[in-house]
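Report on one structure; see the data block that follows.
Bear in mind that the values in this text are calculations on the coordinates, not laboratory data. Since the structure is predicted, the reported quantities are computational estimates derived from the model, not experimental observations. Every residue, glycine among them, receives a Cβ derived from its backbone with ideal geometry; neighbour counts consider all protein chains shown.
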Number of protein chains: 2
Amino acid sequence: MRAELPPGLTPAFTALVDGVLAGPGPRQRRAMAKAITLLESTRAEHRAQADAMLTELLPRTGTSFRLGISGVPGVGKSTFIEALGLSLIDQGHRVAVLAIDPSSSVSGGSILGDKTRMERLSMDERAYIRPSPSSGTLGGVAEKTREAMLVCEAAGYDVVIVETVGVGQSETAVAGMTDMYCLLQLPNAGDDLQAIKKGVMELADLVVINKADLDDAAATRAQSQITSSLRLYGMHRRTPHEVAAANWQPRVMRLSALKGQGLAEFWSAVSEFRTLQTHNGALDHKRRQQARAWMWERIQAGLQQQFLSAPAVRQVMDETLAQVLDGRLAASTAARQLLARFSGDNADA
Amino acid sequence: MRAELPPGLTPAFTALVDGVLAGPGPRQRRAMAKAITLLESTRAEHRAQADAMLTELLPRTGTSFRLGISGVPGVGKSTFIEALGLSLIDQGHRVAVLAIDPSSSVSGGSILGDKTRMERLSMDERAYIRPSPSSGTLGGVAEKTREAMLVCEAAGYDVVIVETVGVGQSETAVAGMTDMYCLLQLPNAGDDLQAIKKGVMELADLVVINKADLDDAAATRAQSQITSSLRLYGMHRRTPHEVAAANWQPRVMRLSALKGQGLAEFWSAVSEFRTLQTHNGALDHKRRQQARAWMWERIQAGLQQQFLSAPAVRQVMDETLAQVLDGRLAASTAARQLLARFSGDNADA
């Protein structure tokens with residue numbers, strides 16, 4: 001296998017891979033941090049090493065459970081993930097927490113950037129917490145998180161939690177790289193429903209009404225409202241994955257992460273989902289679909305980048321778009337003209 | 001302007017453009033049919049002529065109202081469009097009816113292919129009816145319909161109706177090229193709601209419960225059910241267009257196209273929508289957004305085609321995808337490898 005590595009890989013590279021695959025301990029933690037930093041580098045030679053590393057690690061991945069969690073700021077995501085994580089490591093699991101936060105390049109890191117977050121979990125060596133990559137498009141940020149997930153899995157973390165705040169299409173990105181997607185909600189369902197972006201509720205396998213201890217009546221009302229809205233959305237589920245997953249009816253649970261109430265029931269529902277979807281093949285099917293979709297998403301993004309940076313395209317892009325917007329040039333004619341310039345430009349290069 | 005035409009354009013080309021721009025009459029009808037056939041041709045020299053023709057016609061387009069209509073088979077689309085069209089031409093309008101039916105390449109034309117459809121409307125010279133282009137992907141079929149719409153507009157048809165059956169993403173394509181999108185429904189709303197694909201209801205500016213004369217109680221029930229579900233969907237409307245269009249609350253109307261009941265109310269709602277959206281700028285905004293989105297959609301499709309037909313990509317595509325699906329290669333690594341082959345291949349060409 002090592003024979004297939006690109007030329008120029010040093011003993012340091014081998015040490016890095018071996019470090020990630022080493023058992024739990026300081027050496028592994030250092031190697032993981034280094035490996036993820038390598039993945040996040042934009043330098044071409046780092047990228048080549050990172051790809052070689054991923055290919056080496058890949059056979060050791062895929063046996064973890066990947067849990068996606070999102071919710072608006074204030075819903076209590078950190079408290080929930082810390083309480084869940086602490087309870088899982090107590091049961092013998094190793095838990096990694098990653099994040100996708102496309103806003104962090106602007107804000108300097110709005111999730112997981114704060115070191116006081118998840119203080120107890122982050123200090124436990126059975127947990128590994130990594131903030132969101134902080135630059136680039138959502139696609140780029142999601143790519144690095146997806147790859148970091150593979151590093152964590154190869155290192156033996158058997159539960160990987162990927163969290164996001166509702167920014168851009170980050171919920172879709174998280175649902176597209178995890179086995180199960182959970183949406184955290186506040187008890188005031190009426191207002192809160194409005195805060196959910198179009199299509200996000202349909203992604204949820206499980207909805208958790210957190211802070212249920214604050215107002216039990218409101219939480220129960222929210223539970224019933226969200227349950228009926230999920231049933232309505234459920235009727236429109238029509239993609240092959242959704243049909244395959246139809247054995248699972250999305251659930252709504254009440255919980256208080258702060259008081260530790262409902263966490264056991266939550267994990268029991270997650271385990272039930274995992275067992276069911278493993279046995280009916282839906283999990284494997286979903287992961288293959290995700291890998292295929294992800295490859296195409298990255299190809300599309302790459303093609304667009306090649307297109308937009310081609311000199312022959314850049315030269316006329318602004319003027320062409322202006323003509324299209326003003327109704328002087330048909331959109332399809334413009335597309336054909338630009339595509340001809342792109343392929344001509346490439347041929348001349 | 002003629003100076004910008006590609007070389008090789010004949011007097012026949014000029015006659016074609018002039019024919020489309022001529023007033024109503026047999027000459028115009030023949031020119032329109034010829035122009036649309038030219039648009040549908042896949043030969044490269046025809047495509048160049050078609051693009052030149054579109055650029056010539058474009059200044060004469062944009063003043064029509066573009067109405068999208070869809071509904072499942074059996075909902076009564078033909079009867080509805082014929083009744084509406086006849087009533088509109090009686091009021092002095094000129095009405096064009098186009099279609100997007102990506103299934104027609106398989107079935108040999110499931111909508112508008114039947115010559116007995118809309119018999120009265122199709123025989124009236126104030127109407128122009130054209131079946132769906134019958135080959136290619138949805139994107140390709142939609143492109144040709146979109147271009148045919150421009151020919152009809154340049155020819156002075158001031159109402160253009162684009163219809164589709166719910167196949168693939170054709171509803172989205174129709175909503176993406178029209179000013180107002182109407183969804184036809186049957187009175188049995190409970191069952192019918194289930195037949196609507198995810199996301200389609202959210203596109204509707206107006207929902208028409210047709211065949212309301214068959215069961216008035218059911219139609220009224222359907223009206224109230226769909227109204228509340230639209231309200232729920234409405235809460236999730238969040239894109240800029242949707243916010244801009246928020247002055248319009250989607251409506252649900254009962255109607256019987258067969259008995260001619262409710263058609264006047266329907267057109268009155270359409271006119272109200274048009275006046276409102278013209279004055280608040282939403283219509284212009286929507287058309288610019290549609291043009292931009294359409295250009296990018298076609299560029300993406302063209303890039304994908306160039307990518308998939310590049311020899312260096314084709315050579316390894318199957319094996320690479322197999323490795324990704326089997327978990328032997330990370331999806332992002334595969335994408336980068338394929339993209340490198342693509343740009344290398346283009347550079348060598």
- request: Would you pull out the residues with amide H under 5 Å of B:Val252's amide H, same chain only if 5 or more places away, H placed 1.01 Å from N?
  value: B:Val207
query: Shortest first and in nm to one decimal, what separations exist between A:Trp296 and its copies in the other chains, measuring from label points 7 Å along the Cα-to-beta-carbon line?
result: 1.8
- line: Taking a label point 7 Å from the Cα of A:Arg60 along Cα-to-Cβ, the residues of the stretch A:151-180 whose backbone nitrogen sits under 17 Å from it are A:151-160
- prompt: Tally Lys and Arg at +1 and Asp and Glu at -1 over the other residues with C-beta under 10 Å from the C-beta of B:Leu86: what net charge comes out?
  reply: -1
- prompt: Across peptide A:144-156, how many C-beta atoms of other chains are within 10 Å of each residue C-beta, on average?
  reply: 1
statement: Rounded to whole angstrom, the alpha-carbon centroid of the stretch A:262-302 lies from that of the stretch B:35-54 at a distance of 46
message: Per residue of the stretch A:271-277, what does 6.51 cos²θ - 1.76 cosθ + 1.60 with θ = phi - 60° give for ³J(HN,Hα)? Whole Hz please, x for Gly and Pro, Karplus curve as stated.
response: 5, 4, 4, 4, 4, 4, 6
task: Would you grab the residues whose amide H sits under 5 Å from the one on B:Asp179? Only those 5+ places off in sequence or on another chain, please, with H modelled 1.01 Å from N.
output: B:Arg66, B:Leu67, B:Gly68
query: Shortest first, in nm, what separates the label point of A:Glu125 from those of the same position in the other copies (7 Å along Cα→Cβ)?
result: 9.2
query: Ranked highest first by average number of other Cβ atoms within 10 Å, how do B:201-207, B:309-315 line up?
result: B:201-207, B:309-315
- prompt: Residue-wise, which Karplus ³J(HN,Hα) couplings in Hz belong to the stretch A:280-289, taking 6.51 cos²θ - 1.76 cosθ + 1.60, θ = phi - 60°, and x for glycine or proline?
  reply: 8, x, 5, 5, 4, 4, 4, 5, 5, 4
- request: Give a residue-ordered list of calculated ³J(HN,Hα) values for the stretch A:72-87 (Karplus: 6.51 cos²θ - 1.76 cosθ + 1.60, θ = phi - 60°; whole Hz; x for Gly, Pro).
  value: 5, x, x, 7, x, 4, 4, 4, 5, 5, 5, 4, 5, x, 4, 5
Sorted peptide list for B:292-301, B:318-327, criterion being average Cβ within 10 angstrom, highest first: B:292-301, B:318-327
- request: Summarise the partner chain shielding of B:265-277 as one whole number: the mean count of Cβ atoms from other chains within 10 Å of each residue's Cβ.
  value: 0
query: Distances from B:Asp326 to the same residue in each other copy, label points 7 Å out along Cα→Cβ, in nm, shortest first?
result: 5.6
- request: Report, by chain and number, residues whose modeled amide H sits under 5 Å from the one on A:Leu329, excluding near sequence neighbours (fewer than 5 apart, same chain).
  value: A:Val324
Other protein chain Cβ atoms within 10 Å, averaged over every residue that makes up B:315-327: 2
- request: Any chance you could run the full-extension gain for B:Asp326 through B:Ala33? It's 0.36 nm times the residue separation minus the Cα-Cα distance, nm to one decimal.
  value: 100.4 nm
statement: Given pairs A:Lys34/A:Lys77; B:Lys34/B:Lys286; B:Lys77/B:Lys259; A:Lys77/A:Lys286; B:Lys77/B:Lys286 and cut-off 19 Å on Cα-Cα distance, the over-length ones are A:Lys34/A:Lys77; B:Lys34/B:Lys286; A:Lys77/A:Lys286; B:Lys77/B:Lys286
